[in-house]
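Structure first, then comments.
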Amino acid sequence: MIECVFCNVLSGNIPSHKIWEDDDYLAFLDINPINPGHTLLIPKAHEDYIFDLGTNELGALFSRAKLISEPLKQANKAKRIGIMVEGFAVPHIHVHLIPIHSGHDLDPKRAQPATEHELTAMADKIRKVFDAHE
């Protein structure tokens, strides 16, 4: 059995603030956001390194990132959605989607723990934008 934080999120053993999901991917709020609305997009199948994905799977991951980016941008009134992939903190592929207003916003040292109230309010706000697009 793989001891993976994100696999535990997927199984429901660790709670999360889900903002979007399909059969193969899950997007949820980072509990230590760089900026409010900082979202993690993960594949439901466990894989450690992003470039171990096949071309089709990599394309599918980034097409989901694009799908999520506009509602995330609107809900946070961001100029752009920054993207980061490094994969060392949790050995499960994850793409960081971060509402930004300048290039300096993407500094991981800016990450701060969010309260349960902040996460719940932000997740509700983002889901409302998704609902308006459906």
| request: Could you work out the local net charge near G12, counting Lys and Arg as +1, Asp and Glu as -1, over the other residues with Cβ closer than 15 Å to its Cβ? | output: +1
| said: Going by Cα centres, the range 73-134 and the range 1-68 are how many Å apart? | reply: 12 Å
| request: Per residue of the range 84-101, in order, report the coupling 6.51 cos²θ - 1.76 cosθ + 1.60 (Karplus, θ = phi - 60°) as ³J(HN,Hα) in whole Hz, putting x for Gly and Pro. | output: 9, 9, 9, x, 8, 5, 10, x, 8, 3, 8, 10, 8, 10, 10, x, 10, 10
| query | Using the Cα gyration tensor of the range 9-68, with a ≥ b ≥ c the square roots of its eigenvalues, what is the shape: rounded (a/c below 1.5), prolate (a/b larger than b/c) or oblate (neither)? | reply | prolate
| In range of the label at K125: residues from the range 76-99 whose backbone nitrogen is under 11 Å from the point 7 Å along Cα→Cβ | 76-78
| request: Figure the gain on full extension for L53 and E116 (residue separation times 0.36 nm, minus the Cα-Cα span) and round it to one decimal in nm. | output: 19.3 nm
| note | Per its Cα gyration tensor (rounded if a/c is under 1.5, else prolate when a/b beats b/c, else oblate), the range 5-133 is best filed as rounded
| In a shell of Cβ-Cβ distance under 15 Å around H104, excluding H104 itself, what net charge do Lys and Arg (+1) and Asp and Glu (-1) give? | +2
| field | Stretch gain in nm, segment E70-K44, where the contour uses 0.36 nm per residue and the Cα spacing is subtracted | value | 7.2 nm
| Straight-line reach from K109: which aspartates and glutamates have Cα under 16 Å away, leaving out those fewer than 8 places along the same chain? | D30, E86
| remark: Per the helix-only model, the chain has a calculated mean residue ellipticity at 222 nm (DSSP H runs of ≥4, -39500 (n - 2.57) each, divided over all residues, rounded to the nearest 500) of -11500 deg cm²/dmol
| Using mean Cβ contacts within 10 Å as the protection proxy, how do 106-116, 66-76, 15-25 order, highest first? | 66-76, 15-25, 106-116
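No lab work stands behind these numbers, since they all come straight from the coordinates. It should be emphasised that the depicted structure is a prediction, and the values quoted were computed from it without experimental measurement. Positions of Cβ are generated from backbone atoms using ideal geometry, with glycine treated the same way; all protein chains shown enter the neighbour counts.
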